[in-house]
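Values quoted throughout were computed directly from the atomic coordinates according to the rules given, and no laboratory measurement underlies them. Because the structure is a prediction, the values reported are computed rather than measured. Don't worry about glycine lacking a Cβ; one is built from the backbone with ideal geometry, like all the others, and counts go over all protein chains shown.
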Number of protein chains: 2
Amino acid sequence: MNTFKDLQNLIETEISKILPETTPPGLYEPIRYTLNLGGKRVRPILCLAACNLFQDDISKAIPAALALEVFHNFTLLHDDVMDNSPVRRGQATVHKKWNVNTAILSGDTMFVKSCDLMLLTPESKLKDALKIFNKTALEVCEGQQYDMDFEDQETVELTEYLQMIKLKTSVLVAASLKIGAIIGGADKKQADDLYNFGIALGMAFQLQDDFLDTFGSKAEFGKRIGGDIVENKKTFLLLTALQKADSETKSEIKEMISTEKLQDEEKIARMTAIFENLEIRESTVGEISKYHNEALLILKTLEIDENKKQLLYDFSNLLQTRNN
Amino acid sequence: MNTFKDLQNLIETEISKILPETTPPGLYEPIRYTLNLGGKRVRPILCLAACNLFQDDISKAIPAALALEVFHNFTLLHDDVMDNSPVRRGQATVHKKWNVNTAILSGDTMFVKSCDLMLLTPESKLKDALKIFNKTALEVCEGQQYDMDFEDQETVELTEYLQMIKLKTSVLVAASLKIGAIIGGADKKQADDLYNFGIALGMAFQLQDDFLDTFGSKAEFGKRIGGDIVENKKTFLLLTALQKADSETKSEIKEMISTEKLQDEEKIARMTAIFENLEIRESTVGEISKYHNEALLILKTLEIDENKKQLLYDFSNLLQTRNN
């Protein structure tokens with residue numbers, strides 16, 4: 001059985017091998033830069049951990065695990081262009097360090113590379129793995145489209161928001177587990193259970209992101225607190241606040257969003273105060289716990305030796321208590 | 001045996017079925033728009049024609065044929081963003097009609113869709129087909145990178161240019177034939193021969209594009225004559241001219257490229273005159289013929305009933321004599 005740290009180290013070693021010096025450098029340098037920015041490697045670790053539930057030798061799942069990480073980084077690269085984000089993981093984004101064209105084309109190339117890594121999956125599992133991979137990739141694109149659509153929509157329902165983050169984040173976490181499980185030899189029911197575990201985990205993970213952006217501590221979060229508030233992002237916090245607020249508070253929120261009268265710091269302070277009054281902190285923690293518990297329950301009922309599940313239990317708890 | 005027109009009609013019918021009304025519309029409308037812009041459907045036709053060399057029933061190659069067309073259109077969509085091209089096939093490009101973000105994300109989605117179509121290839125041929133597909137996709141990205149790099153380079157060798165158009169255009173034409181052949185049941189030698197036929201055909205096709213941009217007739221070409229000259233594009237014509245010119249003419253060309261003194265029409269007229277003096281028209285026609293003859297020779301030596309090859313002969317001739 002591997003520990004979390006074992007898998008993380010394995011992923012880092014393997015990622016560094018994906019792209020040797022290749023030409024043209026204008027295409028491959030930004031890819032190496034992106035893959036070396038680090039990150040939590042959540043998806044490949046979950047893929048390997050899921051494989052490990054069914055098999056001691058996880059080597060057959062390594063290419064798929066890498067594919068999922070490269071695919072994830074490709075989506076970040078293109079999302080950063082679309083959102084015009086200057087910073088990713090404390091470093092300049094590719095379209096800022098190079099330019100938009102480089103970000104588009106290097107992103108495309110990473111997508112191809114991820115497909116090519118998937119192809120190293122053992123042939124008996126290949127078609128099943130690719131079906132999930134492609135379906136998920138399509139859903140992630142749809143999730144990003146909804147996310148962009150929501151920016152221009154005046155109102156977004158909370159259920160629409162949850163569906164969007166499911167598509168944008170959870171399905172890839174879930175697919176990582178399912179693909180790893182299939183490669184490890186899981187039966188259909190086990191693979192589906194792990195997928196559902198991943199959906200719940202992914203939802204908790206994304207809502208935690210929303211939470212930390214407002215209620216996190218700057219030193220630990222690693223980026224500015226309140227960024228979502230400044231950008232009027234329709235997060236779980238804001239949408240829940242709009243749902244809970246009386247008409248007077250609702251008007252106050254809407255005015256803050258539609259005008260640009262307030263300085264950033266004042267806006268963050270006032271919106272956070274409204275959130276606290278409406279007990280949005282508690283609502284969000286409650287929602288995260290709901291998904292987290294759902295994930296744990298699925299994991300518990302999975303008919304596999306409990307000892308083998310330890311890594312996934314630990315990982316779930318780590319994700320829920322994370323502060324960055 | 002199918003005729004060229006049969007295959008074209010088949011492709012048009014099948015393409016219209018790929019994308020039913022799907023949500024979110026912001027993602028799928030631009031894709032339908034792109035796929036409905038038409039085009040020659042060179043790649044899917046060649047894929048089906050290659051399959052047809054080995055099998056009467058070409059239905060098993062239809063998903064791959066569509067995948068190749070969707071992939072090709074994805075690359076056009078992203079290339080148009082990178083080149084900031086306002087018009088494609090006489091219509092507004094996606095990033096002009098919608099916006100850059102839409103073009104990026106709809107392009108990504110088309111790429112996923114093409115992978116998903118490939119997955120409908122019969123399982124016994126799937127891995128081989130995907131290997132070629134992924135390798136080709138990577139090469140097409142590399143070709144686009146070289147193309148962008150060349151814009152900023154002061155000098156480009158003719159051999160570098162030919163390598164770039166091979167990556168950007170020929171490999172996908174070649175892969176279309178090879179994938180169709182494999183699905184049809186070709187052996188390795190036959191599949192490789194058809195690949196090489198496609199490389200030569202693709203080179204002739206792309207050089208014909210360069211030729212028509214300067215020496216075509218506007219009415220037939222469908223876009224402005226001399227666009228490449230105005231944009232100082234390092235085409236086969238310009239690079240050959242720089243190679244053939246004496247030092248005085250070379251200086252004249254370089255001055256025309258580096259300054260913006262001339263009005264477009266005057267620049268086109270003067271550069272075309274230089275090309276005519278240097279017999280670039282003849283050089284280009286000669287180069288196209290060279291590749292065309294190479295293609296025909298490969299086709300001729302392919303050990304298949306000559307009658308079955310007729311469509312590919314016709315298609316090669318059609319491509320060489322095309323004026324748009």
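Using every pair of distinct Cα positions in chain A, the Kirkwood expression returns a hydrodynamic radius of 20.6 angstrom.
Secondary-structure-derived ellipticity at 222 nm for the protein assembly as shown, considering helices only, amounts to -23500 deg cm²/dmol, per-run term -39500 (n - 2.57) for DSSP H runs with n ≥ 4.
Residues of the stretch A:1-30 with an amide N closer than 19 Å to a point placed 7 Å from the Cα of residue A:317 along the Cα-to-Cβ direction: A:1-8.
Counting only alpha carbon atoms, the long axis of helix A:280-301 and the longest principal axis of chain A meet at about 20°.
Shielding of peptide B:77-84 by partners, expressed as the average count of other chain Cβ atoms within 10 Å per residue Cβ, is 3.
For residue B:83, the point set 7 Å out from Cα toward Cβ sits 3.2 nm from its twins in the other copies, listed from shortest up. When the alpha carbon coordinates of the stretch A:17-78 are projected onto the principal axes, the ranges are 41, 21, 15 Å, largest first.
I want the local charge near residue A:123. Using Cβ-Cβ distances under 13 Å, sum +1 for each Lys or Arg and -1 for each Asp or Glu among the other residues. Spell out each step's value before the answer.
Numbers: positive: A:60, A:125, A:127, B:125, B:127, B:131; negative: A:128, B:123, B:128.
So the environment of residue A:123 carries a net charge of +3.
Entry for the protein assembly as shown at q = 0.07, 0.11, 0.12 Å⁻¹: log10 I(q)/I(0) = -0.52, -1.13, -1.27, Debye formula applied to identical alpha-carbon scatterers, no solvent contribution.
Over 22 Å between C-alpha atoms is what I'm after, so list which of A:60/A:125; B:188/B:300; A:125/B:125; B:17/B:188; A:113/B:127 land there. From A:60/A:125; B:188/B:300; A:125/B:125; B:17/B:188; A:113/B:127, over 22 Å: B:17/B:188.
A Förster radius of 45 Å, combined with the Cβ-Cβ distance separating residue B:258 from residue B:188, puts the computed FRET efficiency at roughly 0.35.
Quick one: net charge around residue A:303, please, counting Lys, Arg +1 and Asp, Glu -1 for every other residue with C-beta under 14 Å from its C-beta. In short, 0. Rounded to the nearest Hz, the phi-derived 3J(HN,Hα) couplings of the stretch A:103-117 under the Karplus curve 6.51 cos²θ - 1.76 cosθ + 1.60 (θ = phi - 60°) are 5, 5, 6, 5, x, 3, 5, 5, 4, 4, 4, 5, 4, 5, 5, where x marks glycine and proline.
Considering all different alpha carbon pairs of the stretch A:1-107, the Kirkwood hydrodynamic radius works out to 14.6 Å.
For the Cα atoms of chain A, what angle does the longest principal axis make with the long axis of helix A:25-35, in degrees from 0 to 90, nearest 10? Here the helix axis deviates by roughly 80 degrees.
A Förster distance of 25 Å, applied to the separation of the beta-carbon atoms of residue B:159 and residue B:247, puts the FRET efficiency at 0.70.
Return one number: the angle in degrees, 0 to 90 and rounded to the nearest 10, between the long axis of the Cα atoms of helix A:4-18 and the longest principal axis of the Cα atoms of chain A. Roughly 80 degrees, rounded to the nearest 10. Label point of residue A:39 (7 Å along Cα→beta-carbon): distances to the other copies' equivalent points are 2.9 nm, sorted ascending.
The stretch A:258-275 and the stretch B:1-72 have Cα centres spaced 52 Å apart. Each copy carries residue A:308; placing its label point 7 Å along the C-beta direction from Cα gives inter-copy distances of 4.9 nm, listed from smallest up. Magnitude of the charge dipole for chain B, about its Cα centre and with charges confined to Cβ atoms of Lys, Arg (+1) and Asp, Glu (-1), is about 840 debye.
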